[in-house]
Amino acid sequence: MERRNRSLKALEELTYIDSLDDNQKAPALQRWSEKYLDVDISESFDLELLDLQKLSELFYKNINFLKEYRVNIKKELDKGKDIKKFFS
């Protein structure tokens, strides 16, 4: 029962994180993954099929978000470097 409660809490938190804006979402996803993905993922979630599908969809949606976020942050850093070179 403890694993089920932990799984439901993980789903609830991931659903909430999905609603945050980009700047809050990325660090929250990092904390979520450190908290809930510390063990073998195949044994860490005890959810009904529909909840497991929802978790899976949110998980992969947020992986794609993090990929895009990383690219955008890199562009911002590169832009900052160009500005720094201009003023040097």
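The values are calculated or read from the model by the stated rules, or taken from the named source; none is laboratory data. If you're wondering where the values come from, they're calculated on a predicted model, not measured in any experiment. Every residue, glycine among them, receives a Cβ derived from its backbone with ideal geometry; neighbour counts consider all protein chains shown. Ligands, DNA and RNA are stripped out before the accessible areas are found, and what is left, the full protein with its side chains, is counted by its heavy atoms. Shrake-Rupley method; radii C 1.70, N 1.55, O 1.52, S 1.80 Å.
Search region 32-55 for residues being polar (S, T, N, Q) and open to solvent by 50 Å² or more (accessible area, probe 1.4 Å), and hand back the single one that is modelled with the highest pLDDT. Selected residue: GLN53.
Residues that are more than 12 Å from ILE63 (Cα to Cα) and open to solvent by 20 Å² or more (accessible area, probe 1.4 Å) within region 13-29 comprise GLU13, THR15, TYR16, SER19, LEU20, ASP21, ASP22, ASN23, GLN24, PRO27, listed in sequence order.
Only one of the listed residues (LYS61, LYS25, LYS75, LYS54) is in a helix (DSSP H, G or I) and free of Cβ contacts under 8 Å to residues at least 40 places away in the same chain. That residue is LYS75. Among the residues in region 57-73, are any of a type in the set (Asp, Glu) and surrounded by 10 or more Cβ atoms within 10 Å (Cβ to Cβ)? Yes, region 57-73 has at least one match.
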